[in-house]
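First comes the structure, then the notes that go with it.
The values are calculated or read from the model by the stated rules, or taken from the named source; none is laboratory data. Only a predicted model underlies this, so the values are computations on that prediction, with no experimental measurement involved. Backbone-built Cβ (ideal geometry, glycine too); neighbour counts: all protein chains shown.
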Amino acid sequence: MSLKNSNAIPKQIRAVVGGMRRAVQRYFLVDGIKNILLALLVLIIVDFALDKTFRMDWSQRLIMLILSLTVIGYVVYRKLLAPLFSRLSDDALMIELEKAEGGMNEVLISALELSRMDISNNENVSAQMLENSVKEGADAASKVNIISAFRRKKMRANMFVLASIFLCYLIGGISASRDQGLDIWYKRNVLLSNIPWPSNYALELSGYKDGKIRVPRGEEWSLLVSVQKGYKELPSSVVLEYKYERGSRKNSESMVPNASGDEFRSSIVDVSDPLKIRVRSKEYDTEWIDLELVDRPKIKNFSILASYPEYTGLNEQILSSDEGPYSVLNGTSIKLTGEVNKSLRKASVTVSGNEYPLKIEGKTFTGSLPKEQVISGVYEVDVEDLEEMGVSEGGDLMGLGLREKATFKIRIQNDRKPKVVASVQGVSGLIVPQARIPYVGKIEDDYAVEEVVIRYSWKEDQGEREEFEGTLVPADVAQLLGAKVIPLDGGLDLNGMEIPLNSRFSMVLTAKDNNEISGPSIGESTKILLRVVGEAELRTDLLRREKEQRQILLELVKKQDILLTDTGALAAELLEVEVLGRSEKERLAGLQKRQKLLSVNINNIVKRLNGMVSEILNNRLEEEDGILKQRLRQKVIDPLAVLVEEVIPVAALELDSARRILAKDARNESMRIASQFQVTALEAMKEVLVHMVRNEGYQQAVNLLYEIQREQERMNKMTAKAKEKALDEVVREKEEKNDADKGQNGNVEGLKKDEAKKGDN
């Protein structure tokens, strides 16, 4: 073998280098696959444990997947591709081979290097020596076992590890076919599906639909999380996590469980910006859920129309929704009309727990409540828009309602019964059987008076205590029925009723309205109580009361006399006084006040005496032109009325003028005139007193005569009754005698018949 001008490598060395290169590549391949599979196994185990323990969300699982792929890619490149595609030099392969064999003293590497030398131009190198060295290396190379020489232990270890990894994968595959754990992990962490891990319970979020929850904008939002039915156990705790879209910071808070532990609730204040939420527990997590902010509907206009019962005659009334409470009559129906800014799903009005649906059309709602449904209470109007905010317990979609329900309050006002005010005039507490009882007053009703009736009754105080009740429709109101207000000015005539003396008589005026809903209602006046007496008793009572008024007038005469004296004395004192002082003015004011009070008292006497005259007429004690009435009118009442209306006012006025006038002469003149009219009044009062005394004597005589007449009538009745009784006795005796005679005649006839029968025999 000549090495001159030749770098040929012996075939033995080339064979060793090629075999060594192939062995290295096989080692790198096995080692790379081992490392890849091992890294993948470790990543699977770690990811499985993390996801199973912490229930990672989609973003976390995505990060883990990217991280795992990155690690696997790095391992593939670093442990497989880079070694496989690296170019190892022949020298490095020989050095590695000699290290593996040991004791070769660099024969192979020396032969490889010498075989590359070109000695044709190198005279200093022995060709033979080179040739011998190369031949020695070639001989040594032919004896090398590359498979046994190159990393025998590492190769065996790699094969063992590789086999173990394959065994783990085999066991995992078998487990995956029997258990859903790996399958779920694969779908969650490789396919990034949102299927949950098996749990002893599942959580439901209220309002969750289509991957989001709709929330009213700008309000506190409360999340309700429920444990689905069929759970094996309940979660010990549930955490709400949320984050705003404008930032990545997460907030979390523990949700509050209910008493049974199957519901959890938490609130977020003022949800004004979009955010994401999720719910986490030990065994169950949700994905991040978007909270979609929606605006609540708002009422643009709302009206209430009240329709009153037909009998009232009232027109329909529009009630403003921002006012109230409203008082409406029992039997009223209402109609609700409103418009909102969003299309509606439903609308309703609720009162006292009763919900009534309203008709909707687009953005408007209408509805009527009949009279049976209109009650006293607070009415709440609520609507739901077309936003899908969840599902009700009944399975119906729920919309978003009003932030604040439209409310109004109604008070049911019952139709009041008619108000009857009546009193008697022209009679006192005593009346005679033939009296006429005048009454005055007024009947008022909210809408219309349909009927007016007088109910009367009497009951005897003695004897058999006979009772009687009756009714009478007063003729004075017949033409006024149907009005709201009816004046009363009539009378109840007792003549012909034959009311016994010493009876208690009562009367009540009643009125009935036109209430068609809960009525009719009946109102009545205060009961009027009277006692029925004889004329003598009434006349005696009138005389007694006249004497009382005379005694009062006598006291007033004395006061007027004293007042006259005081006025004259003060006039004398002030005769030469130029300017009145405070004391003098106060004395004059006192005289004026006393004079006015005297006039008031005299006027009261006039009223009482006029009442007595009316009693005389209403009890029919005299005719319209009767002597007693004329005496009272002409001699007592009229003169006193003149004093009250004409005389005494002048005296009081002049006293007041004297107090105000500054000029002495004018003041003295006023004092003189006042005294003059006081004298006139005093004389007239004394004259009336004289006539009253005379009238009392006349009245006593009349009463005595009446008593004699009544006693005579009573005696005549007793005599007539005695005569009638005696006559009845005579008739009775005569009838008894006639009966006895008839009996004797019958006996004689019987004897005659017997004798005749004997003769025949």
Next on the checklist: Please pick out the residue among GLU204, GLU263, GLU219 that is acidic (Asp, Glu) and surrounded by 17 or more Cβ atoms within 10 Å (Cβ to Cβ).
Outcome noted: GLU263
Next on the checklist: Suppose we filter the stretch 272-302 for residues that are part of a loop (DSSP other than H, G, I, E, B) and without any contact (Cβ under 8 Å) to a residue 60 or more places away in the chain; how many remain?
Outcome noted: 4
Item to check | Test: residue in the stretch 279-294 that is closer than 30 Å to LEU369 by Cβ and of a type in the set (S, T, N, Q) | outcome: no
Checklist outcome for this item: Sole miss for ARG631 among (1) part of a helix (DSSP H, G or I); (2) without any contact (Cβ under 8 Å) to a residue 60 or more places away in the chain is condition (2)
Next on the checklist: Anything in the stretch 342-373 that is out of contact with any strand residue (DSSP E or B) (no Cβ under 6 Å at 6 or more places or on another chain) and either surrounded by 19 or more Cβ atoms within 10 Å (Cβ to Cβ) or outside any strand (DSSP E or B) (or both)? List them, or say none.
Outcome noted: SER343, GLY353, GLY362, GLU372, GLN373
Checklist entry - Within the stretch 516-532, is there a residue that is closer than 30 Å to PRO370 by Cα, surrounded by fewer than 13 Cβ atoms within 10 Å (Cβ to Cβ) and of a type in the set (Ser, Thr, Tyr)? => result yes
Next on the checklist: Yes or no: the stretch 607-620 includes at least one residue that is outside any helix (DSSP H, G or I), of a type outside the set (Ser, Thr, Tyr) and closer than 18 Å to ARG539 by Cβ.
Outcome noted: yes
Checklist entry - Of all residues in the stretch 170-201, which are at pLDDT below 80, exposed (fewer than 13 other Cβ atoms within 10 Å of the Cβ) and among the hydrophobic types (A, V, I, L, M, F, W, C)? => result LEU170, ILE171, ILE174
Checklist entry - What's the number of the condition LYS459 fails, among (1) at pLDDT 90 or above; (2) of a type in the set (D, E, K, R); (3) in contact with a Phe, Trp or Tyr (Cβ under 9 Å, 6 or more places away or on another chain)? => result (1)
Checklist entry - If you scan the stretch 37-64, which residues turn out to be hydrophobic (A, V, I, L, M, F, W, C) and not in a helix (DSSP H, G or I)? => result MET56
